[in-house]
Amino acid sequence: MKFEVRGFEIYEKYLDKAQQEQLLGDLRHVVSEAPFFRPHTPSGKPMTVRMTSAGRYGWYSDRLGYRYVRQHPKGWKWPNIPKSVLKVWVDLIDDERMPECCLVNYYDRDAKMGLHRDCDEADFVWPVLSISLGDDALFRMGNKQRGGSTDSYWLKSGDVVVMGGDARLRYHGIDRIRFGSSTVLKKGGRINLTMRVVD
Ligand code: MD3
Ligand code: FE
């Protein structure tokens, strides 16, 4: 079922169990070539979410700031974005322009992501697409400026969110996950994929 909250298009249970397993299998290959790491915020604090990327660019942050980079912190190039992941983009967005970054976020029991905006990409006309796998996560959607009211929604495994138009530059974050709420990841936790056009 598809519905909209503040311009965020939420496709509930877009991916069935088999499709989720396929994506996870393909992601295991990505993570074997580009292991998860824990970026630091520009103020020097380690983030609670572990990250890695696939595609021409990966997302990175440290003392120098938030940015897209061409290499994993170990110096290797990022693996290709799996076809199974790209298919979701083509089916829901477009095949004229492919995403150049697939950011892979891993949330363990205590991970969260504070309210922020994604604004390091060159062209905000292109939406960001998110795929949730594993444990439920409390997703908070806000406004284009800091502050004001927010809406929350529990994202579940197989849910897909498209952030385009009015939602593209809204503040958003993950307050917490419900550890162990899903059996999709054997060790628990949550994986979120976000596809982005960067240049
Ligand atoms: C709204 N990730 O990686 S996905 C992120 O679940 C991020 O890991 C969260 O926020 C997560 O930047 C939320 C939903 C999401 C992703 C990207 C967005 C919402 C967005 C970009 C622009 C606006
Ligand atoms: Fe974000």
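The values are calculated or read from the model by the stated rules, or taken from the named source; none is laboratory data. Small disclaimer: the values here were computed from a predicted structure and weren't measured. Heads up, the Cβs are rebuilt from the backbone with ideal geometry, glycines too, and the neighbour counts pull from every protein chain shown. Just the protein is used for accessible areas: all its heavy atoms, side chains included, with ligands, DNA and RNA removed. Shrake-Rupley method; radii C 1.70, N 1.55, O 1.52, S 1.80 Å.
With the simple model of a label 7 Å out from the Cα in the direction of the Cβ, residue 149 to residue 64 spans 4.3 nm. Of the solvent-accessible surface of the chain, computed with a 1.4 Å probe and all protein chains present, 50% belongs to carbon and sulfur. With bins 10 Å wide starting at 0, give me the P(r) of the stretch 85-199 over every alpha carbon pair, in whole percents. Once binned at 10 Å, the Cα pair distances of the stretch 85-199 give 14, 44, 34, 7. Does the chain come out rounded, prolate or oblate, given a ≥ b ≥ c as the square roots of the eigenvalues of its C-alpha gyration tensor, rounded meaning a/c under 1.5 and, failing that, prolate meaning a/b above b/c? Here the chain falls in the rounded category. Give the lysines whose C-alpha is closer than 17 Å to that of residue 186, dropping any in the same chain fewer than 8 places away, or say none. Candidates past the 8-residue exclusion: 17, 156. Ranking 66, 119, 148 by Cα position along the charge dipole of the chain, where only Lys, Arg, Asp and Glu carry charges on their C-beta atoms, puts 66 farthest toward the positive end. Rounded to the nearest 20 debye, the dipole size of the stretch 73-199 about its Cα centre is 580 debye, using +1 on the Cβ of Lys and Arg and -1 on the Cβ of Asp and Glu.
Distance between the C-alpha centres of the stretch 1-45 and the stretch 127-157: 13 Å, rounded to the whole angstrom. Within the shell of other residues whose beta carbon sits under 11 angstrom from the beta carbon of residue 136, the net charge comes to +2, with Lys and Arg scored +1 and Asp and Glu -1.
Distance between the pseudo-spin-label points of residue 74 and residue 116 (7 Å out from Cα toward the beta carbon): 2.3 nm. Per-residue extension of 0.36 nm, minus the Cα-Cα distance of residue 45 and residue 108, leaves a gain of 20.9 nm for this segment. Length available on full extension from residue 90 to residue 38: 0.36 nm per residue minus the Cα-Cα distance, which gives 15.7 nm.
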